[in-house]
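Step one of this worksheet: look at the structure below.
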Amino acid sequence: MPTIRVETIIRAPVERCFDLARDPDLHARSVAQTGERVVSRTGTGLLGLGDVVTFEARHFGVRQQLAAKIIRFEPPHLFEDQMVRGAFKSFRHVHAFEQTEAGTRMSDTFEYEPPLGPLGALAARLFLTRYLQRLLTGRAAYLKHHAEREHAARVDRDARRSGAIGEG
C-alpha cells in the first residue's frame, strides 16, 4: 500500500490550521486545477466526526466522484478521513497538527490502495503516487498561504488597535 507523507510548517496557530484543513470549500479551492467541487455532504460548516463529503473532480481527463468520511477526530491535533466510495480500492488520510516554536507543523499521511489489482499497482509505481504527492503538496501550500496571510493580517490589526504600530 503506497504511503505519501507531506509536512508543512505554518506560521499560524494550531487551532486555525486545524479548522482550515476541515473546510471543504477551502479544500476544493486548493485543488482548483482539477475542477474539484463539493457535490454533497452531511452536516454544515467545518467537517467533524462522522461527516461524509463527496467531491467531484477531473483527474487524468476523467470526471470522478470520491466520498470520504471523518472517522477519527481529536481537535485541534488530528482528524482522519477514509474513502467510502470512489476510484481507489481504499484510502485513509491522517491530518495531524502540532504547535511548535516555528508555528504549526501540519503532517498529511495518505495511504492508498490503487484499483485494478496488478495494473493499478503498476500505475501507482509509474505515476499515480507522484501525482497524488503533487496534489497533497499543493493543497498544503495553499492552506499555508491562506493561514499565514490571515494570521499576519490579524496580528497587524491587533497591533494597530493596541497602538503598537503607528497609523500610516
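Quick note: the coordinates plus some simple rules give every number you see, no bench work behind them. Small disclaimer: the values here were computed from a predicted structure and weren't measured. Cβ: placed from backbone, ideal geometry, glycine included. Neighbour counts: every protein chain shown.
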Practice problem: Report the charge-dipole magnitude of the range 83-168 in Debye, nearest 20, computed about the Cα centre from +1 at each Lys and Arg Cβ and -1 at each Asp and Glu Cβ. | Solution: 340 debye
Quiz item: Quick one: length gained pulling Ile9 to Glu98 fully straight, 0.36 nm per residue minus the C-alpha distance?
Solution: 31.1 nm
Exercise. Could you check the simple spin-label distance between Arg37 and Ala152, using points 7 Å along Cα→Cβ, in nm with one decimal?
Key: 3.2 nm
Practice problem: Answer rounded, prolate or oblate for the range 1-46, using the Cα gyration tensor with square roots of eigenvalues a ≥ b ≥ c: rounded when a/c is under 1.5, else prolate when a/b is larger than b/c, else oblate. | Solution: oblate
Practice problem: Above 23 angstrom, tally the Cα pairs of the range 58-168 and express them as a % of all pairs, no decimals. | Solution: 46 percent
Self-check item: Cleavage-rule hits (GluC sites (Glu not before Pro)) in the range 78-168: DSSP loop, at most 16 neighbouring Cβ within 10 angstrom
Solution: Glu101, Glu167
Practice problem: With r as the distance between the Cβ atoms of Ser162 and Thr137 and R0 = 45 Å, compute the FRET efficiency 1/(1 + (r/R0)^6) and round to 0.05. | Solution: 0.75
Exercise. With both partners inside the chain, how many of the DSSP beta bridges are antiparallel, as a percent to the nearest 5?
Key: 100 percent
